[in-house]
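In what follows, a single structure is set out as structure tokens and then discussed.
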Amino acid sequence: MKIEDIIKTNTSIEHSKKVILNIMYTQTVIGDKFNELLKPYDLSGEQFNVLRILRGQKGCPANMCIIQERMITKNSNTTRLIDKLLSKELVTRKVCPENRRKMEVDITTKGLDLLKDLDPKVLEHEKLFSSNLSQNELEQLNTLLEKYRTLK
């Protein structure tokens, strides 16, 4: 469906504005579907992102700076996210032995099991949105999006 139909306008939209509207609307559609997937697990997209970052540490704890710099949503309140994950027993947090001002966060077995359960569902979600694009189109879209967000 064209963005003009979605926002119900008959007015011609400049291509640069149309691209932004399309990206924003697409982000919302993908995000809403992803949140539906996570809802039964009582997880937000940001909490899921933290768990994936910690799993990627392969058993090594991460400090708040590492987590924050790897987050997709950079304006997330990492401390609040970690607190919520702690209350769900999906992560542990302890004081760094070398620097008592730093906190080290690690994923628990419960957190790893949750991700293992979610992995096939997330893969299915990703495939759903790419199913009507060819491999070449996916590569081209990635290239264009990377180029688009590179500001001069």
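The values are calculated or read from the model by the stated rules, or taken from the named source; none is laboratory data. Predicted model only: the values in this text are computed from it and were never measured. As a convention, Cβ positions derive from the backbone with ideal geometry for all residues, glycine included, and neighbour counts pool all protein chains shown. Accessible surface is based on the protein model in full, side chains and every heavy atom, while ligands, DNA and RNA are left aside. Shrake-Rupley method; radii C 1.70, N 1.55, O 1.52, S 1.80 Å.
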Go ahead and set up a Gaussian network model of the chain, Cα springs under 10 Å, then flag whichever of Glu139, Glu124, Glu89 fluctuates most.
-> Glu139
Computed over the chain, the Cα gyration tensor eigenvalues, each multiplied by 5 and square-rooted, give semi-axes in Å (largest first) of 35, 18, 15
Write down the Å³ per residue value for the convex hull defined by the alpha carbon atoms of region 26-73.
-> 79 Å³
Under 5 Å between amide H atoms, partner at least 5 residues away or on a different chain: which partners does Val91 have, H built in plane at 1.01 Å?
-> Leu86, Thr108
Quick one: if the Förster radius is 30 Å, what FRET efficiency do Lys94 and His125 give, using the C-beta to C-beta distance and rounding to 0.05?
-> 0.35
Value of [θ]222 nm, deg cm²/dmol, for the chain, DSSP H segments ≥ 4, -39500 (n - 2.57) each, nearest 500 = -19500 deg cm²/dmol
Residues whose built amide H sits under 5 Å from the amide H of Asn63, excluding neighbours closer than 5 in sequence, are Val105
Solution diffusion estimate, µm²/s, Stokes-Einstein, region 78-152, Kirkwood Rh from C-alpha pairs, 37 °C, viscosity 0.692 mPa s = 206 µm²/s
Where in the chain are the DSSP H helices whose C-alpha atoms run 30 Å or more along the long axis and whose mean Kyte hydropathy is at least 0.0?
-> 15-38
Hey, can you grab everything whose amide H is under 5 Å from the amide H of Lys102? Only 5+ residues off in sequence or another chain; H modelled, so Pro and N-termini drop out.
-> Cys96
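Give me the accessible area per residue for the chain, probe 1.4 Å, as a whole number in Å².
73 Å²
Which percent of the accessible heavy-atom area of the chain goes to carbon and sulfur, probe 1.4 angstrom?
That share works out to 54 percent.
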